Amino acid sequence: MARKQTTSVTPSSGIGLDLHLELDGIGLRVGLTEALRAAVRSGRLAPGTRLPASRALASDLGVARSTVTEYYTTLVEEGWLVARHGSGTHVAQRAVPRGAPEQDIQPHQHTLGLQPGAAEYPDFPRASWLAAARKALAAAPHSAFGYGDPLGRMELRRALADYLSRVRGVDADPRRIAITSGYHHGLGVLARALRAEGVGTVAVEAYGLGLYRHVLQDAGMETHALEVDERGARLDDLADLVPGSAAMLTPAHQFPTGHALSADRRNALLDWARATGGVVLEDDYDGEFRYDRKPIGALQGLDPDHVVYFGTASKSVAPALRLAWAVVPERLMSAVGVAKGRVDTVSVLDQLTFTEFVTSGKFDRHVRSRRQSYRTRRDQLVTTLAVRAPDVRVLGMSAGLQVALVLPSGTEERILQAATRQGFFVSGLSEFRHPLAPRPAPWSDGLVVNFSAVSDSAWPTALESLASVLP
């Protein structure tokens with residue numbers, strides 16, 4: 001009976017490549033060559049992968065080096081591997097593995113994504129981030145390599161307290177800041193904490209990302225839609241909620257319509273929270289980007305006992321960092337700590353790097369550069385639409401990374417289809433409307449255009465494509 005042997009090869013050459021190979025009893029040479037063919041064919045060894053040096057593989061297998069050289073030579077001759085003097089042996093750039101789906105081998109069609117969340121992130125500050133990472137790693141205490149405080153590194157919490165107070169007017173005690181793995185994670189933590197405190201209902205804006213409504217619903221909470229107009233969320237329906245409920249809003253720049261919550265409504269919202277024991281969840285997702293008006297300070301600064309402030313590096317730097325923060329009222333800190341877990345869930349090294357990025361001033365410089373670039377794009381968008389699509393009204397021009405375009409009634413779906421045919425993608429305003437919103441929408445048709453989504457070089461093409469499909 002043939003013997004099947006599974007061996008894991010870890011070469012001692014320093015390359016560090018582990019090979020999981022199945023060698024059967026028909027002979028080592030045939031077994032190894034077939035095992036390597038199977039690994040390439042299945043995609044486990046991707047094209048370009050460097051294989052262990054013949055000396056290291058021979059040592060691990062307990063055979064002569066000339067034997068491994070013979071294996072490699074056979075596979076090179078068959079076209080499975082390529083060998084270059086001085087650079088080792090690599091998996092060849094072969095055709096797609098047998099059995100691959102047809103769509104996987106079709107040439108990629110270039111598209112432009114202008115919908116919220118789409119981006120190429122060409123302006124990630126690689127050099128500055130790398131310099132910050134080196135400095136942070138060199139200075140990191142030994143304790144930084146453990147599991148860490150579940151609320152996050154105190155160095156970052158102190159840096160954020162100073163930054164948020166200076167830039168956004170947040171009343172931020174470092175002891176009341178929780179570092180989370182993105183806003184999605186942070187909202188989930190707060191939802192679980194509020195549910196544990198007996199909160200069962202959250203009022204949300206009638207326009208917003210459905211993803212975040214689902215986070216609340218997954219925590220067992222009911223969402224109640226607040227209509228939105230030119231002065232932000234309408235708060236009349238808050239009176240219908242039971243005492244101690246919560247409200248989640250984007251008061252500085254409503255997503256996606258772009259309106260700021262008016263001063264009288266800001267005051268009314270805080271009066272409601274104080275009178276009922278309610279909690280306001282303030283999503284300040286793009287607070288750094290203001291263009292034509294004096295920056296609107298965070299709502300939390302007016303009442304830190306009733307407002308949870310959320311901020312994120314996703315818009316200002318990149319979502320890949322998975323870094324966000326929540327400034328939490330003292331009365332909720334215990335429940336938040338329990339909901340977040342017993343160990344830190346955010347890379348400590350990334351936290352220390354971001355701390356250095358902030359305290360060195362590199363973060364401020366990066367944001368100023370992005371703000372100027374996005375303002376230029378916003379101005380070009382408004383100017384182009386005024387000429388090419390004068391019947392289209394633009395909302396939310398004074399801040400943020402996107403604008404809403406109000407379209408003639410009944411045209412949204414047709415324009416979305418035309419955009420797809422042109423090779424770019426944009427979101428319809430109706431996509432963001434709460435399905436249970438009770439009143440007729442103030443804007444029945446529209447688009448949400450993310451003008452930060454593409455590189456500077458691609459922006460003119462994207463703008464021309466957009467203008468070509470508008471009425």
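Looking only at residues in the stretch 334-362 that are in contact with a Phe, Trp or Tyr (Cβ under 8 Å, 6 or more places away or on another chain), closer than 16 Å to SER143 by Cβ and of a type in the set (A, V, I, L, M), which one is surrounded by the most Cβ atoms within 10 Å (Cβ to Cβ)?
My answer is VAL348.
Would you mind stating whether ARG393 is surrounded by fewer than 16 Cβ atoms within 10 Å (Cβ to Cβ) and touching a strand residue (DSSP E or B) at 6+ places or on another chain (Cβ under 7 Å)?
In short, yes.
Given the criteria out of contact with any helix residue (DSSP H, G or I) (no Cβ under 6 Å at 6 or more places or on another chain) and surrounded by fewer than 17 Cβ atoms within 10 Å (Cβ to Cβ), does LEU447 qualify?
Considered against the rule, which asks whether it is out of contact with any helix residue (DSSP H, G or I) (no Cβ under 6 Å at 6 or more places or on another chain) and surrounded by fewer than 17 Cβ atoms within 10 Å (Cβ to Cβ), LEU447 comes out as no.
Within the stretch 28-68, how many residues turn out to be farther than 15 Å from VAL82 by Cβ and free of Cβ contacts under 8 Å to residues at least 40 places away in the same chain?
Residues meeting the conditions: 17.
Every read-out reported here was derived from the displayed coordinates using simple, explicitly stated rules and does not represent laboratory data. Owing to the predicted nature of the structure, the values given are computational and were not obtained by experimental measurement. Cβ: placed from backbone, ideal geometry, glycine included. Neighbour counts: every protein chain shown.
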